[in-house]
1. First measure r as the distance between the Cβ atoms of Leu230 and Leu409, then evaluate 1/(1 + (r/R0)^6) with R0 = 35 Å and state the FRET efficiency to the nearest 0.05.
2. Provide the gained length on full extension for the span Gln164 to Glu443, in nm with one decimal, where the gain is 0.36 nm per separating residue minus the Cα-Cα distance.
3. Extending each Cα 7 Å along its Cβ direction at Ala565 and Asp361, get the distance between those two points in nm, one decimal.
4. What pairs in Lys328/Lys531; Lys466/Lys516; Lys323/Lys496; Lys298/Lys330 have C-alpha atoms more than 28 Å from each other?
5. Step through the residues of the stretch 141-153 one at a time and calculate ³J(HN,Hα) from phi using the Karplus curve (6.51 cos²θ - 1.76 cosθ + 1.60, θ = phi - 60°), rounding each to whole Hz and writing x for Gly and Pro.
6. Starting from 0.36 nm per residue, how many nanometres of slack lie between Ser220 and Cys679 once their C-alpha separation is accounted for?
7. Find how much the distance from Val573 to Glu194 grows on full extension, using 0.36 nm per residue of separation minus their present alpha carbon separation; answer in nm with one decimal.
8. In whole angstrom, how far apart do the alpha carbon centroids of the stretch 401-468 and the stretch 509-551 sit?
Amino acid sequence: MGTGLLGPDRVINPVYQQRQQSDVLLVNVICRRRRRSRGLFFSHPIRPRKSDQAGIDGVGEHRREHCVPESERRPRSVDYRKLRSTGNQSRVTTTGWRLISKLQTASCPKESAGAPCDGRKVGGGDSNKGKSKKWRKILQFPHISQCIGLKDKLDIRYGYVVDQQPIGRLLFRQFCQDKKPAYHRYNLFLDAIEKYEIELDENRIERAKELFEQYLRESSEVVDILNDSLISQCEERLSTGGKELFVEVAQTVKNFLASEPFSAFLNSFYFYRYLQWKWLEAQPVTYKTFRMYRVLGKGGFGEVCACQVRATGKMYACKKLEKKRIKKRKGESMVLIEKNILQKINSKFVVSLAYAYETKDALCLVLTIMNGGDLKFHIYNMGGDPGFDINRARFYAAEVVCGLEHLHLQGIVYRDCKPENILLDDHGHVRISDLGLAVEITEGDMVRGRVGTVGYMAPEVIDNEKYTFSPDWFSFGCLLYEMIEGQAPFRARKEKVKREEVDRRVKEDQERYSPKFSEDARSLCQQLLKKSPKNRLGCKCGRHGAKEVKLHGFFQCLNWKRVEAGMWEPPFVPDPRAVYAKDVLDIEQFSTVKGVNLDATDDTFYSKFNTGSVSIPWQNEMIETECFKELNVLGPNNTPTPDLLVNHTPPNNEDRGCFPFRRKRKQSARTREVPLSECYLQELSQTQSSEMPAS
């Protein structure tokens, strides 16, 4: 089960909508009578939501209200007599206070501060939208004395803090801009190189000349740390406009920044602010961290539902893995492998893990939410003939190649590439999801395992032979074929055929190509669907097989740097008013697991799973929701705030008003200064004396 929304298979019943409106009128009458009996003369009527409105939860209402617009769907009939005969009638026509509670739960949670109830999605426009009223208290910085010890536990190399940590990168740049303007120009130079690398091909030569004139001419901004031979090589190759033109120069600048400038950063209060963020990142994660919303679908061990982080308002998908079901199926190792692989991945083209925590009954993976549905739904259910045109198929194929490349470079073979597992986000970009069958391969090693989905498994997987990354390229070939043709290469849609017959076709039959395929598309599919991995495209370079695939003529028109940066405009953008999801009533409920008891021996496994926040996604969440911008405030003239000072009495700014005898508010444990060792105290005192202005 992926983390995206499953395709809706019903349209709204007009009879049900009429009944719902009458139910709401009845509720309003009940509300008014109860309020008047209590002496309340003002009441807010509950208004029925329009059928095309999205819910507060950002993923739709809990009934059959939000659907793909009729104009975009293939016509299909709905047998409402069947719905009535299955006993769902009472669930559809809910009345009275039960209706009130459902509407409130799905549309206006109490603790949502400033959350919209007018059909808008959470997370856009107002930065406080969807945040708890207490979000500042939840994310309050600790006193530096409580987190200075993290300095000895964390990786504090430039390559980690600046290159890999989003908040570390911002704080280092802020330090250079505020305190060392001479260093800041090198950061601007690196930014200019990044923009150059993703520039359109026709503009790159002109951009290269501008960049060289501004930064690399004699007496220019960064020439003082570069040797003459390196500058001469760049000048000679300016007319080529190559994407790798400034790679060596950029590396030289980074090496300089990693020395003296970064050492100065480590001795500044900007680094101590970084330690405060890392302390917040490491705080325990529980069910209270989130608000839970509607069920999106089912996974192997439990439900997948939408959730929202209380402190930031960001939406995610929560994949719940029931503890008893895991134990009954002996799936502990499988669950832990999936969690560890997800935690290791950081790519725009693979669903990422943001949090991992446990409740009394379940283990929870909090993942990127994908509101646009999966490719299987879009191939078959969006009107017209099944399948995509060549340009749209090329777009999705290119982004899947980037996702597979990232997995393979990390030594991970996916083993389940199929349309159901490729999900669309709000903007129309795709990500690989559901890494339950993925496995990590050490360098030079091979694995064996007959796992995957029938019709997408490579011949070597069916025959239970050893392999490395070859099955992913065969499955990718099946995916590309299905996107263009509108059906899988070895099995027609809804064809009733035994698994053995499908496996035989995969190993022996040659796929057939219709006029829908261009010459390049046909050539790429044929090379990806070779029966022998020795002859298959992408299988000759091990972990770097994606480079071979990218060079094929089918992708010749692409600027891969722009694709990897997510700057290629999607050919299709999901309708924000539509929800590509099954009705909750259509999602089968899990049966209760009986005969399984949890005991102390399971705690070791749970402790390995319950690791809380994942660093890079958590920091990106803080930046995207503007929590970083609002909390990362310094004192006057960029001086340290009281929580960054030691032996400093905080000013008493509490306004006691007309009640001078009122009890003082207790200082929270988080902001209290704690005793420090001599070495830490001396280090902080030196930094404090150098940063604070002379009195």
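1. 0.80
2. Stretched out fully, the Gln164 to Glu443 stretch lengthens by 98.1 nm.
3. Placing both labels 7 Å along Cα→Cβ, they lie 4.9 nm apart.
4. As for pairs spanning more than 28 Å Cα to Cα, those are Lys328/Lys531; Lys466/Lys516; Lys323/Lys496.
5. So the J values, rounded to whole Hz, are 5, x, 5, 4, 5, 8, 10, 5, x, 5, 4, 7, 9.
6. 161.0 nm
7. Result for the pair: 133.8 nm of gain on full extension.
8. So the two Cα centres are separated by 16 Å.
We did not get these values from a lab; they are worked out from the coordinates using the rules stated. As the structure is a prediction and not an experimental result, all values here were calculated from the model. No Cβ is skipped: glycine too gets one built from the backbone with ideal geometry, and neighbour counts run over all protein chains shown.
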